[in-house]
1. Which loop-located GluC sites (Glu not before Pro) does the stretch 26-90 contain, where loop means any DSSP state but H, G, I, E or B and the Cβ has at most 15 other Cβ atoms within 10 Å?
2. Quick check: Cα centre of the stretch 144-168 to Cα centre of the stretch 210-256, how many Å?
3. Quantify how much of the Cα-Cα distance distribution of the chain extends past 31 Å, in percent.
4. List the lysines whose Cα lies under 21 Å from the Cα of K264, skipping any in the same chain that are fewer than 8 positions away.
5. In the calculated pair distance distribution of the stretch 2-156, what percentage of Cα-Cα distances lie above 24 Å?
6. Give me D for the stretch 167-236 in µm² s⁻¹, whole number, from Stokes-Einstein with Rh from the Kirkwood sum over alpha-carbon pairs, 37 °C and 0.692 mPa s.
7. Once you put a point 7 Å from the Cα of F95 and another 7 Å from the Cα of D143, both along the Cβ direction, what distance in nm separates them?
8. Filter the trypsin sites (Lys or Arg not before Pro) in the stretch 23-76 to those in DSSP coil with at most 10 other Cβ atoms within 10 Å of their Cβ, and list the result.
Amino acid sequence: MVWLGKFLNLCVLLGFGTLEEHGLLRIRRFVQGKDEADWVRVWNGVFGERWDWRPMTVEEMVVSEKSPDFEAEGRFIAEMNWQPVGIVHAYVDKFREEKKGFVRSFGVVREFRGKGIEEKLAETALEELKKRGMKVVQCGANDDQKDIIRLWEGLGFKLVRKFSLMTKDLSEIPLDVGGNREVAFVSLRRDSDEDLRMLNWLDNECFKEHFNWRPSPVERTIFTVREDPFFQVQKWFFALLGGKHVGYVGVGVDEKYNVERDAKCGWILDIGVLKSHRRGGVGTRLMLHGMETLKAMGMTAVMLGVDDWNVTGAIKLYEKVGFVVAKKDFTYERGVV
């Protein structure tokens with residue numbers, strides 16, 4: 001069978017039919033509790049090569065399946081010669097009222113790219129979202145994925161958002177950038193349900209005007225802080241003014257990433273300031289406190305992600321405290337047809 005598969009692949013490369021016509025390509029549904037190893041193998045082949053990510057384990061995926069917003073339905077695996085080579089997730093967010101679906105975890109391992117598998121996976125995902133009643137679909141691509149960008153644009157998707165991954169060296173943290181010195185910091189207690197409810201409330205209040213926002217359930221906040229399989233090292237802080245909660249910041253370290261990449265890098269996981277207290281130096285103080293915390297934990301660099309076009313203009317704050325853009329992610333959208 002091996003020689004047959006190689007012969008048919010050669011036929012495809014020479015233009016003698018498609019992979020599907022030769023019966024080599026099969027796209028099947030993901031089965032939770034059975035297909036995690038196949039999913040992880042392909043995911044690592046597609047995304048594990050990115051410098052800002054690292055390979056995940058089956059055990060980490062199993063933990064992720066406990067998240068309140070995890071969805072097994074809508075996941076598909078592409079097989080070539082009976083081996084998994086591609087994945088896609090036609091994701092429907094059960095906490096979102098609007099009929100907006102998402103194409104996530106989309107990709108094909110390097111040696112099988114450009115053979116039409118991406119197109120079949122995209123077609124499968126779009127059809128799945130249509131069947132599930134979605135009216136709008138969003139998908140994404142990195143700035144260096146020219147082939148994926150062409151695919152989405154060829155299918156009629158339009159660019160609706162740009163996101164930046166930003167980085168900073170922690171050897172020097174600026175001091176004279178206008179932070180509000182009246183801000184007091186209180187550490188979140190991970191074992192306190194009251195603190196986690198406050199974090200959830202702040203998160204929803206701070207981001208309810210932002211792109212793609214929908215109310216986040218407290219169960220999701222609890223999972224993020226207590227059970228996240230990647231950032232098992234986390235520290236969260238509330239910002240208080242006059243004894244009232246006005247913002248928060250969370251930092252984290254993925255220890256496996258640092259081992260894999262031979263790095264000492266942490267993340268600003270999340271940061272928010274209530275609308276009534278913006279433009280008053282609270283966000284600056286939160287950023288500085290987050291960076292100082294990571295540096296005290298032995299980190300020499302920090303990363304964060306930001307919506308370039310968000311309503312608060314947060315990217316300007318991050319640039320002010322020394323962050324620079326390392327790469328861009330694009331979000332595309334179109335109606336379901």
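1. E49, E65, E73
2. Each part's Cα centre sits 27 Å from the other's.
3. Roughly 38 percent, once rounded to a whole number.
4. K168, K235, K256, K295, K327
5. 36 percent
6. Rounded, D is 224 µm²/s.
7. That separation, rounded to one decimal, is 3.0 nm.
8. In loop regions of the stretch 23-76 (DSSP not H, G, I, E or B), the sparsely surrounded trypsin sites (Lys or Arg not before Pro) are K34, K66.
Computed from the coordinates by the stated procedures, all read-outs in this text should not be read as laboratory data. Just so you know, these numbers come straight off a predicted model, no measurement behind them. Glycine gets a Cβ as well: all are built from the backbone with ideal geometry, and neighbour counts include every protein chain shown.
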